[in-house]
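**Q** Following this message is one structure expressed as structure tokens.
The values are calculated or read from the model by the stated rules, or taken from the named source; none is laboratory data. Remember, it's a predicted structure, so these values are computed and weren't measured experimentally. Note that each Cβ is placed from the backbone with ideal geometry, even for glycine, and that neighbours are counted across all protein chains shown. All accessible areas refer to the heavy atoms of the entire protein, side chains included, with ligands and DNA or RNA removed. Shrake-Rupley method; radii C 1.70, N 1.55, O 1.52, S 1.80 Å.
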Amino acid sequence: MDLIKSVVKPMLAGLGITRERLKRDKITFMYPEEVREQHPRTRWRHVLTRYESGLERCIGCSLCAGACPARCIYVQADENTDDARFSPGERYAVRYEINMLRCIFCGYCQEACPTGAIVLRKDFELANYHREQFVYTKEMLLEPMPIQK
Amino acid sequence: MPKRVETIVLHDTSTPVLGDTQKGGNIVLTSAETLINQARANSLWPLTFGLACCAIEMMASAGSRFDLSRFGSEAFRATPRQADVMIIAGRVSKKMAPVLRQIYDQMPEPKWVISMGACASSGGVYNNYAIVQGADQVVPVDVYVPGCPPSPDALIYGILKLQEKIKRGRSKSFKDLKLIEVNARTLETVEA
């Protein structure tokens, strides 16, 4: 009798908590099968955006490179001509490179950009095998052309 | 009268990543190499090598919300003798570099290294005299995971990349088919 009171009853009480918890939903994200929705202000992979007309927003001013605390952005600008026009302004970026390994995804480049060209989107699957694969060039960062109507 | 074989799943080199979801009939044919690679890839025991804030995310990925044990990596080992993969989570200072190397040397072959976060992979914002500019100056790194810090799902993606790499490993001689004391670097991997 004493045994039931001192051992069995507390044990059942403890298992009662377990039974209550079993009713709750599972909280695990089954990651590779289902990707969880990222928080609204999550900052991950950079994208160089375009206007609706297809022109690049980036004007090659290097303000993002100046704002970058990790010094991971390299911008080389050139003049637009009427024959080869890439952006609406005077200048455009010939080379735009980001070292994703150095980048700390702080979003200062996005804040500094006067035209809203560089934005940090939510694609987090960036891991890779070799160091050389992490220097993202302009071709990799640039948004695809909008579908012309 | 033997039972009729319905389907034979043939594993050959043209199948990109073997195993996992392939369900056929009653018989599975495979090579010893594939079997060993599958076993290695699905029981990666990480070494707890948290050096900075990335370690918090590494711990979070082992927690119930992201649950690293779904991939057989739940057993974080505090001793290098029982670990397969070293997750360098955080900035490696010049003072820590010899320790990192010694612990890597103490891990039994085959062994892999994941460099987690900007600081471990390249130094990140700490471009100064105290921090090693990339852990690959000290140990060979298999997978780099960028981010500051990488979220648990980004780390899990890195671990999945490493599993893919291990599954693509090809042995060249009978020596490579040993279960232990195989240098993972001698197994040439096929790029995706």
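**Q** Hey, could you check region A:64-97 for residues that are in a loop (DSSP other than H, G, I, E, B) and within 14 Å of chain B (Cβ to nearest Cβ) and say which is surrounded by the fewest Cβ atoms within 10 Å (Cβ to Cβ)?
**A** That would be A:Arg71.
**Q** What about B:Ala97, is it buried (at least 21 other Cβ atoms within 10 Å of the Cβ), modelled with pLDDT of 90 or more and over 19 Å from B:Arg77 (Cα atoms)?
**A** Judged against the criteria, B:Ala97 is not a match.
**Q** For region B:111-159, what are the residues that are in contact with a Leu (Cβ under 8 Å, 6 or more places away or on another chain), closer than 18 Å to B:Phe71 by Cα and small (Gly, Ala, Ser)?
**A** B:Ala154
**Q** Also: Just to check your reading of the model, which residue among A:Met100, A:Met140 is within 14 Å of chain B (Cβ to nearest Cβ) and surrounded by 18 or more Cβ atoms within 10 Å (Cβ to Cβ)? Step through it out loud before you land on a result.
**A** On the way: A:Met140 fails: surrounded by 18 or more Cβ atoms within 10 Å (Cβ to Cβ).
That would be A:Met100, the only listed residue that is within 14 Å of chain B (Cβ to nearest Cβ) and surrounded by 18 or more Cβ atoms within 10 Å (Cβ to Cβ).
**Q** Could you check, for region A:41-59, whether at least one of its residues is away from every other protein chain (no Cβ under 14 Å), open to solvent by 70 Å² or more (accessible area, probe 1.4 Å) and over 30 Å from B:Arg91 (Cα atoms)?
**A** Scanning region A:41-59 turns up at least one residue that is away from every other protein chain (no Cβ under 14 Å), open to solvent by 70 Å² or more (accessible area, probe 1.4 Å) and over 30 Å from B:Arg91 (Cα atoms).
**Q** If you scan region B:153-178, which residues turn out to be within 28 Å of B:Glu57 (Cα to Cα) and either at pLDDT below 80 or hydrophobic (A, V, I, L, M, F, W, C) (or both)?
**A** B:Ala154, B:Leu155, B:Ile156, B:Ile159, B:Leu160, B:Leu162, B:Ile166
**Q** Which residue out of B:Ser69, B:Ser73, B:Ser14 is part of a loop (DSSP other than H, G, I, E, B) and modelled with pLDDT of 85 or more?
**A** Just a single option satisfies the conditions, and that option is B:Ser73.
**Q** Considering A:Arg36, A:Arg24, which residue is basic (Lys, Arg), open to solvent by 50 Å² or more (accessible area, probe 1.4 Å), more than 19 Å from A:Leu141 (Cα to Cα) and assigned to a loop (DSSP other than H, G, I, E, B)?
**A** A:Arg24
**Q** Among the residues of region B:124-136, write down those that are of a type in the set (A, V, I, L, M, F, W, C), open to solvent by 30 Å² or more (accessible area, probe 1.4 Å) and under 15 Å from A:Arg71 (Cβ atoms).
**A** B:Val125
**Q** Pull out all pairs, ordered by first then second residue, where Cβ-Cβ is under 6 Å, the residues are six or more apart or on different chains, the first lies in region A:98-121 and is under 19 Å from B:Gly124 (Cβ atoms) and assigned to a loop (DSSP other than H, G, I, E, B), and the second is open to solvent by less than 40 Å² (accessible area, probe 1.4 Å) and aromatic (Phe, Trp, Tyr).
**A** Going by the 6 Å Cβ cut-off, the qualifying pairs are A:Met100/A:Phe134; A:Met100/A:Tyr136; A:Leu101/A:Phe134.
**Q** Search region B:137-151 for residues being more than 15 Å from the chain's Cα centre (by Cα) and open to solvent by 10 Å² or more (accessible area, probe 1.4 Å), and hand back the single one that is nearest to the other protein chains (Cβ to nearest Cβ).
**A** Checked region B:137-151; the qualifying residue nearest to the other protein chains (Cβ to nearest Cβ) is B:Cys148.
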